[in-house]
Ligand code: SF4
Ligand code: FE
């Protein structure tokens, strides 16, 4: 296993091509770039805590392939207990960082690919699973960070991949030879990609036989020839060039640090190809990945909401109205919503089932409901935090104003709350609430792990409405056939 420091240093050894605001960032300097370093710091926590005896039980696991101790983020779930521990680990990590540590995407992609390749081989006699196990062992041994790469740009959403006027709007195979395949296209919203070592490419949706070239799952280094990354903007990212007070969460940043990853005719050797043309398994890979990833959200956002609740309550103390009954009731509402988020993630894990590959998988209905809760309750939790904090979180002057020899005394004097709390500390908490309850952070709760409609499609299918109707009719005394 790597420590956080080793992880950071390992990132400098890559030849990764990253563009940010129109310019290429030298690979060695990337982990220190003001727009990126927070994301690197939060991912580092997933490495460091694996060595902390207090968190070892959550952060590490025993590899079912080698028997070695590994970081849990490289593990294939071997029991319901593993599924539950994952959610607990995420809540704990969010409490430490207040943000996204990005490593779950690759973790979920590896778990989805593990079981899907097993079942594909059973049907077609292919050898994808053995290949994938070798890749997994490599990841477990190196402790590399893997970026799960699913979402294609998708172009005209009313058309299937093979119907698009530009064939590259979904990643596809453009060449096959005796050594491997060549792929072209792009993957969008790639969380943690620029600070990962490898990427695991998956199809973005269920596919039909005519979409054969788009049924591709494979792994490649993030710095493979032909790959480039264009880093996305975040709301308030310009603040990262300013003082730490203005950033709210200066050490770990806000949400994941996403990019567009462009794949310009990238070669992938056969030993790294885990699906190539099996369109009937694309849907399985997508739903397994989506469900594993949606399992996370009550853990990850539960922990993030713990910080929002803590910040709102601390702000109430700093403002002198913590004892007001309406404030207490709003905080209680936030607690209730947060624990409801968490409960559903724990439930979908506790109701996990074993797959033919031997690994454990979440209850899909509950996992989708869990993520859907996040698209709604986080907005309410954040609304309450802004309500409690007061309007000054939107009108506060900058740290530079606070430190100005000419006007600092006015900021100090007129932005003070109760005695005994410095204006600087009150500003810090206000900025934390500001960044955690708005802009990019809020959009991530809506669309991360799939947009609300994607979850609705899944849970409406899985809920068995006909059985509910039948049960109701029976109780009402209407005759129904069993
Ligand atoms: Fe993990 Fe996604 Fe949460 Fe980030 S947002 S911590 S990748 S589950
Ligand atoms: Fe996500």
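We did not get these values from a lab; they are worked out from the coordinates using the rules stated. Keep in mind that what you see is a predicted model, and the values were worked out from it rather than measured. As a convention, Cβ positions derive from the backbone with ideal geometry for all residues, glycine included, and neighbour counts pool all protein chains shown.
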For the chain, what relative contact order do you get, as a whole percent, if you take Cα pairs closer than 8 Å and at least 6 residues apart?
17 percent
Give me P(r) over the chain, computed from all C-alpha to C-alpha distances, binned every 10 Å, as integer percentages.
4, 19, 28, 25, 14, 7, 2, 0, 0
Please report the base-10 log of the normalised intensity I(q)/I(0) for segment 1-57, using a Debye sum with one equal scatterer per alpha carbon and no solvent, at each q in 0.16 (1/Å).
-0.53
How high is the relative contact order of segment 62-196, in percent, with contacts defined as C-alpha pairs under 8 Å that are six or more residues apart?
22 percent
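How long are the semi-axes of the equivalent ellipsoid of segment 85-140, taking √(5λ) for every eigenvalue λ of the Cα gyration tensor, in whole Å from largest down?
The equivalent ellipsoid of segment 85-140 has semi-axes of 31, 11, 8 Å.
Grab the DSSP H runs of the chain that are 4 residues or longer, score each as -39,500 (n - 2.57), total them, divide by all residues and round the 222 nm result to the nearest 500 deg cm²/dmol.
One gets -15500 deg cm²/dmol as the mean residue ellipticity at 222 nm.
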In Å and from the alpha-carbon atoms only, list the Rg and Dmax of segment 1-126.
16.9, 49
Which FRET efficiency value, to the nearest 0.05, do you get for residue 394 and residue 32 by plugging their Cβ-Cβ distance into 1/(1 + (r/R0)^6) with R0 = 41 Å?
0.85
The chain: antiparallel DSSP beta bridges as a percent of all, rounded to 5:
85 percent
Stretched fully, the stretch from residue 19 through residue 379 gains (0.36 nm per residue minus C-alpha distance, one decimal, in nm) 126.4 nm
With the crude spin-label approximation of a point 7 Å out along Cα→Cβ, what separation in nm comes out for residue 174 versus residue 270?
2.3 nm
Taking Cα atoms only, Rg over Rh for segment 367-450 with Rh from the Kirkwood formula is 1.13
Given the peptides 282-291, 384-393, 237-246, 101-110, arrange them by the average over their residues of other C-beta atoms within 10 Å, most packed first.
101-110, 282-291, 384-393, 237-246
Projected area, mean over directions - segment 165-267, Cα convex hull, nm²
8.3 nm²
Subtracting the Cα-Cα distance from 0.36 nm times the residue separation, let me have the gained length for residue 412 to residue 446 in nm, one decimal.
8.6 nm
Centre separation in Å (Cα based) which lies between segment 1-65 and segment 258-312:
18 Å
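How far, in nm, would the chain grow between residue 322 and residue 5 when pulled straight, counting 0.36 nm per residue and subtracting the alpha carbon separation?
Length gained, residue 322 through residue 5: 110.1 nm.
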I'd like the FRET efficiency for residue 57 and residue 280, computed as 1/(1 + (r/R0)^6) with the beta carbon distance as r and R0 of 51 Å, rounded to 0.05.
0.80
Rotationally averaged projected area of segment 63-182 (alpha carbon convex hull; nm²)
10.6 nm²
Counted neighbours (other Cβ, 10 Å), sorted fewest up, put 42, 325, 445, 345 in the order 325, 445, 42, 345
Site residue 419, offset 7 angstrom along Cα→Cβ, radius 17 Å on amide nitrogen, limited to segment 313-338, gives 318-321
